[in-house]
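Before any comments, here is the structure.
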Amino acid sequence: MNNIIAWLRRNADTKDWCDDTIFYGTYMGHRLRFHSGNRIDIGNKDFDRWANSCALTVELNQSDNISVIINKAIDVARKDKSTYMQRTIRVMLNIHDEFK
C-alpha cells in the first residue's frame with residue numbers, strides 16, 4: 001500500500017486529501033480515490049460525485065506495475081461516454097435489482 005500511495009503522491013495532478021492509507025486527487029483529468037483494501041476508483045471525465053461518477057474500480061497489489069494499471073484504467077474511463085444522468089439511472093437500477 002505504501003508504494004501505491006507514494007506513486008499517487010508523486011504523479012497526481014492535484015492532491016485533495018492524502019495520508020498513509022487514503023488518497024483523493026486528480027490524475028490526467030480524472031478523479032482518483034484510493035482507500036483501504038488496495039482499491040482505486042477512477043472517476044469519469046464529467047465527475048459529479050462518487051455515487052454516480054465512478055467509471056471503474058481496480059484492485060491493486062504491491063507487486064503490480066502501478067503506473068501501467070492506472071494508465072490503462074484511465075484509458076477505459078475515457079472510453080465511457082455516458083452522461084452522469086445515465087450513470088445515475090444505471091446505479092438506481094442496480095440497487096433495485098439487488099432488492100428484488
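Throughout, read-outs are computed from the coordinates displayed, never taken from laboratory work. Predicted model only: the values in this text are computed from it and were never measured. Note that each Cβ is placed from the backbone with ideal geometry, even for glycine, and that neighbours are counted across all protein chains shown.
What are the residue pairs meeting all of these: first residue in the stretch 59-74, first residue touching a residue at least 12 places away in the same chain (Cβ under 8 Å), second residue crowded, with 18+ Cβ neighbours inside 10 Å and in a loop (DSSP other than H, G, I, E, B), Cβ atoms under 7 Å, and 6 or more apart or on different chains?
66/60
State all residues of the stretch 1-17 that are touching a helix residue (DSSP H, G or I) at 6+ places or on another chain (Cβ under 9 Å), surrounded by 14 or more Cβ atoms within 10 Å (Cβ to Cβ) and over 17 Å from residue 43 (Cα atoms); if no residue qualifies, say none.
4, 7
When you scan the stretch 5-18, do you find a residue that is hydroxyl-bearing (Ser, Thr, Tyr), in a strand (DSSP E or B), in contact with a Ser or Thr (Cβ under 9 Å, 6 or more places away or on another chain) and without any contact (Cβ under 8 Å) to a residue 40 or more places away in the chain, even just one?
yes
Give the residues of the stretch 39-87 that are among the hydroxyl-bearing types (Ser, Thr, Tyr), surrounded by fewer than 18 Cβ atoms within 10 Å (Cβ to Cβ) and either in contact with a Gly (Cβ under 6 Å, 6 or more places away or on another chain) or part of a strand (DSSP E or B) (or both), sorted by residue number.
57
For the stretch 18-38, enumerate the residues that are surrounded by fewer than 18 Cβ atoms within 10 Å (Cβ to Cβ) and either under 17 Å from residue 71 (Cβ atoms) or not charged (D, E, K, R) (or both).
18, 21, 22, 26, 28, 29, 35, 36, 37, 38 - these are the residues of the stretch 18-38 that are surrounded by fewer than 18 Cβ atoms within 10 Å (Cβ to Cβ) and either under 17 Å from residue 71 (Cβ atoms) or not charged (D, E, K, R) (or both).
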